[in-house]
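**Student:** After the structure tokens below, expect a handful of questions from me.
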Amino acid sequence: MELILLASLLALGVAAALDGTSLFQAMLSRPFVAATLAGALVGSATSGMLAGIILELFFLPVVPVGGGRFAEGGPAGVVAGATAGWVAVPAGLVPAVLLGLVVGGLGGASIRILRRVNGRFVPDPLAGTLSPREVRRAHGMGLLLDALRGGIVTALGLAVAYLGAPLAAAGWRLDAPHTIGLLLAGAALPLGLVVANLRGVRPAGFLALGVGLGAGVLLGLVLP
Amino acid sequence: MKNVNSLPVKVFLRSFAIQGSWNYRTMLGSGFGFALLPLLERLFGEDPERLRKALERHVDHFNAHPYLSAVALGAVTRMECDGAPPEQIRRFKTAVRGPLGGLGDTLVWAAWLPTVMLAALVLAVLGLSPWVALVFFLAVYNAGHLFLRIWGFRVGLRDGAAVAGQLRGAALAEWARRIQVIGLLLLGVLMGLLVEGGLGTGATPFPWVAAGVLLFLIGMLRGREAWRAAGAGFALLLAGIIVAGMVL
């Protein structure tokens, strides 16, 4: 892999990791966004987008709520998009999604570790010795550590993807419709979870879901 | 309010990094104090003891949705500039942190984000260029995101401790419900498109549609407890199929 490409992917992974919780939260960290951009860097935005769509379906119910446990979508999307760009779709989508899920879990675990580490050096309001310098240093340290964390998670995922994804795709035996079908079937469970999270808007919500489903099927039949 | 020139702008801009030192002990506390630093140094810089006490009350435990933390920052900016008693400021922060968290989660994480993302995914599945779907999502989502932050900060800065009334009047929860209904409509459209057209590979084969319906119902009925297990299980399934393909 070219050094410039590697640096670009790592930079994207770091930016997506920071955007996830620490900085801006402008949703560069969503798998759909990160994967499309990573795919573009590798040479195929469309492949990256396909991986991003599937991974986003898995991550749709995942949001960074307070102190809860959540998988991290930014580095996951970068790894998935790069993988799909490196290995021809549709077979390449399988290791892309697989790695995306694994990296997402790894990223989420690393965020929990980071938050415990942050707790060790943020200012103690009861210490009686607070200074602006201490506040700035603690906050800056938190941002720096999050960037480092995101870079490490992304690097690990990219390493496995670059070395293992072509082998994994070579071992994939299902054809394109069945590959996509399997991936979409897996993504159906998190979509059900999205509906479960929105139970407060029954029955209008269910009516909307049904109308939308009918419209989607019709569109799928009518459009080329 | 004391003349603090452009300091409120600095506080607002720092709010974009408010979660930079999130931790399980003080949660957003350290970030809240960081965001207010320029203001506190201007107001109390010549009295180290008052500055220290101001820092203590603002790095203390606090939590809110990151976008709606702007409401609290604006209100506290106003209260500090008006010389509100420290105990009043503490009570205000304690009173708003729950509502600002719950409201933000409902409006943004459970409504705005999934709805705009679903709209972008529909555009992508319909075959539009990746860049169209991407730019659509980032532009529309962040228009709402920035509006919420700017509105929240301005309302907080204007009303100070009385901002709670403004939040009630804005009927944010009602807006969240409306957006969620649109989100469910788009989810249905997306599911229909994926069943009929896959991802450009033609109609999804029936066995996978059936499996998908079953898993969808499980997700809907079992909720969050099923996601983690399902994600891990699906990853194992894919890995197993890959290994089988390589070995056999």
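The values are calculated or read from the model by the stated rules, or taken from the named source; none is laboratory data. What you see is a predicted model; the values in this text were computed from it and never measured. Glycine also receives a Cβ, built like all others from the backbone with ideal geometry; neighbour counts cover every protein chain displayed. SASA here: full protein model, heavy atoms, side chains in, ligands and nucleic acids out. Shrake-Rupley method; radii C 1.70, N 1.55, O 1.52, S 1.80 Å.
**Student:** Among the listed residues A:Ala82, A:Ala34, A:Ala76, identify the single one that is under 30 Å from B:Thr26 (Cα atoms) and modelled with pLDDT of 95 or more. Walk me through how you get there before you give the answer.
**Tutor:** On the way: A:Ala82 fails: under 30 Å from B:Thr26 (Cα atoms); A:Ala34 fails: under 30 Å from B:Thr26 (Cα atoms).
Step by step, each of A:Ala82, A:Ala34, A:Ala76 is checked, and only A:Ala76 is under 30 Å from B:Thr26 (Cα atoms) and modelled with pLDDT of 95 or more.
**Student:** Pull out all pairs, ordered by first then second residue, where Cβ-Cβ is under 6 Å, the residues are six or more apart or on different chains, the first lies in the range B:208-222 and is more than 7 Å from chain A (Cβ to nearest Cβ), and the second is open to solvent by less than 70 Å² (accessible area, probe 1.4 Å).
**Tutor:** B:Val209/B:Val195
**Student:** Which count do you get for residues in the range B:148-190 that are at the interface with chain A (Cβ under 7 Å from one of its Cβ atoms), within 30 Å of B:Ala75 (Cβ to Cβ) and open to solvent by 20 Å² or more (accessible area, probe 1.4 Å)?
**Tutor:** 1
**Student:** Out of B:Asp60, B:Asp82, report the one residue that is more than 13 Å from chain A (Cβ to nearest Cβ) and out of contact with any Leu (no Cβ under 6 Å at 6 or more places or on another chain). I'd like the intermediate steps shown before the answer.
**Tutor:** Numbers: B:Asp60 fails: more than 13 Å from chain A (Cβ to nearest Cβ).
Going through B:Asp60, B:Asp82 in turn, just one is more than 13 Å from chain A (Cβ to nearest Cβ) and out of contact with any Leu (no Cβ under 6 Å at 6 or more places or on another chain): B:Asp82.
**Student:** What is the one condition in (1) under 30 Å from A:Ala7 (Cα atoms); (2) aromatic (Phe, Trp, Tyr); (3) within 8 Å of another protein chain (Cβ to nearest Cβ) that A:Tyr162 does not satisfy?
**Tutor:** Every condition holds for A:Tyr162 apart from (3).
**Student:** Looking at (1) open to solvent by 50 Å² or more (accessible area, probe 1.4 Å); (2) modelled with pLDDT under 90, which one does A:Arg136 not meet, given that it meets all the others?
**Tutor:** Here A:Arg136 clears every test but (2).
**Student:** If B:Ala75 passes every condition in (1) facing chain A (nearest Cβ under 10 Å); (2) open to solvent by less than 30 Å² (accessible area, probe 1.4 Å); (3) at pLDDT 95 or above but one, which one does it miss?
**Tutor:** Only one criterion in (1) facing chain A (nearest Cβ under 10 Å); (2) open to solvent by less than 30 Å² (accessible area, probe 1.4 Å); (3) at pLDDT 95 or above is unmet by B:Ala75, namely (1).
**Student:** A further question follows. Checking the condition more than 7 Å from chain B (Cβ to nearest Cβ), under 21 Å from B:Gln19 (Cβ atoms) and within 11 Å of the chain's Cα centre (by Cα), which residue from A:Gly81, A:Gly77, A:Gly68 passes?
**Tutor:** Values: A:Gly81 fails: under 21 Å from B:Gln19 (Cβ atoms); A:Gly68 fails: within 11 Å of the chain's Cα centre (by Cα).
It is A:Gly77.
**Student:** Name the single residue, out of those in the range B:191-217 being open to solvent by 30 Å² or more (accessible area, probe 1.4 Å) and farther than 21 Å from A:Pro224 by Cα, that is farthest from the chain's Cα centre (by Cα).
**Tutor:** B:Pro207
**Student:** May I ask you to list the residues in the range A:50-59 that are at the interface with chain B (Cβ under 9 Å from one of its Cβ atoms), open to solvent by less than 10 Å² (accessible area, probe 1.4 Å) and among the hydrophobic types (A, V, I, L, M, F, W, C)?
**Tutor:** Residues satisfying the conditions are A:Ile53, A:Ile54, A:Leu57, A:Phe58.
**Student:** Scan (1) touching a residue at least 12 places away in the same chain (Cβ under 8 Å); (2) within 21 Å of A:Pro166 (Cα to Cα); (3) among the charged types (D, E, K, R) for the single condition A:Asp19 breaks and write down its number.
**Tutor:** Result: A:Asp19 fails condition (2) only.
**Student:** If B:Trp227 passes every condition in (1) more than 7 Å from chain A (Cβ to nearest Cβ); (2) within 13 Å of A:Gly192 (Cα to Cα); (3) of a type outside the set (A, V, I, L, M) but one, which one does it miss?
**Tutor:** So B:Trp227 meets the others, but not (1).
**Student:** Quick check on the range A:108-127. Is at least one of its residues buried (at least 22 other Cβ atoms within 10 Å of the Cβ), within 30 Å of B:Gly212 (Cβ to Cβ), of a type outside the set (S, T, N, Q) and in contact with a helix residue (DSSP H, G or I) (Cβ under 7 Å, 6 or more places away or on another chain)?
**Tutor:** No; the residues of the range A:108-127 include none that is buried (at least 22 other Cβ atoms within 10 Å of the Cβ), within 30 Å of B:Gly212 (Cβ to Cβ), of a type outside the set (S, T, N, Q) and in contact with a helix residue (DSSP H, G or I) (Cβ under 7 Å, 6 or more places away or on another chain).
**Student:** Can you find, within the range B:21-61, the residue that is most open to solvent (accessible area, probe 1.4 Å) among those that are outside any helix (DSSP H, G or I) and out of contact with any helix residue (DSSP H, G or I) (no Cβ under 7 Å at 6 or more places or on another chain)? Talk me through it step by step, then tell me what you get.
**Tutor:** Of all residues in the range B:21-61, those outside any helix (DSSP H, G or I) come to B:21-28, B:45-47, B:59-61.
Still in the list and also out of contact with any helix residue (DSSP H, G or I) (no Cβ under 7 Å at 6 or more places or on another chain): B:26-27, B:46-47.
Numbers: B:Thr26: 6, B:Met27: 43, B:Glu46: 188, B:Asp47: 61 Å².
The selected residue is B:Glu46.
**Student:** Here's a follow-up. Consider the range A:169-223. How many of its residues are closer than 19 Å to A:Val94 by Cα, open to solvent by 70 Å² or more (accessible area, probe 1.4 Å) and facing another protein chain (nearest Cβ under 7 Å)?
**Tutor:** Going through the range A:169-223 one residue at a time, the tally reaches 1.
**Student:** Name, by its number, the condition in (1) out of contact with any Lys or Arg (no Cβ under 9 Å at 6 or more places or on another chain); (2) under 19 Å from A:Leu28 (Cα atoms); (3) modelled with pLDDT under 95; (4) open to solvent by 20 Å² or more (accessible area, probe 1.4 Å) that does not hold for A:Val97.
**Tutor:** Result: A:Val97 passes all but (4).
**Student:** Among the residues of the range B:1-15, which ones are surrounded by fewer than 19 Cβ atoms within 10 Å (Cβ to Cβ) and either of a type outside the set (D, E, K, R) or within 10 Å of another protein chain (Cβ to nearest Cβ) (or both)? Spell out how you get there, then give the answer.
**Tutor:** Step one: list which residues in the range B:1-15 are surrounded by fewer than 19 Cβ atoms within 10 Å (Cβ to Cβ), which gives B:1-6, B:9-10, B:13.
B:Met1, B:Asn3, B:Val4, B:Asn5, B:Ser6, B:Val9, B:Leu13 - these are the residues of the range B:1-15 that are surrounded by fewer than 19 Cβ atoms within 10 Å (Cβ to Cβ) and either of a type outside the set (D, E, K, R) or within 10 Å of another protein chain (Cβ to nearest Cβ) (or both).
**Student:** Suppose we filter the range A:100-121 for residues that are touching a Gly at 6+ places or on another chain (Cβ under 7 Å) and within 25 Å of B:Phe16 (Cβ to Cβ); how many remain?
**Tutor:** Looking only at that region, the number is 2.
**Student:** Might you check whether a residue that is over 18 Å from B:Thr26 (Cβ atoms) and open to solvent by less than 10 Å² (accessible area, probe 1.4 Å) occurs anywhere in the range B:95-105?
**Tutor:** Residues of the range B:95-105 that are over 18 Å from B:Thr26 (Cβ atoms), as a first pass: B:99, B:102-105.
Checking which are open to solvent by less than 10 Å² (accessible area, probe 1.4 Å) leaves us with B:104.
Scanning the range B:95-105, I find at least one residue that is over 18 Å from B:Thr26 (Cβ atoms) and open to solvent by less than 10 Å² (accessible area, probe 1.4 Å), so the answer is yes.
**Student:** Another question, then. Would you check which residues across the range A:1-51 are of a type in the set (Lys, Arg) and more than 13 Å from the chain's Cα centre (by Cα) and list them?
**Tutor:** Those that are of a type in the set (Lys, Arg) and more than 13 Å from the chain's Cα centre (by Cα): none in the range A:1-51.
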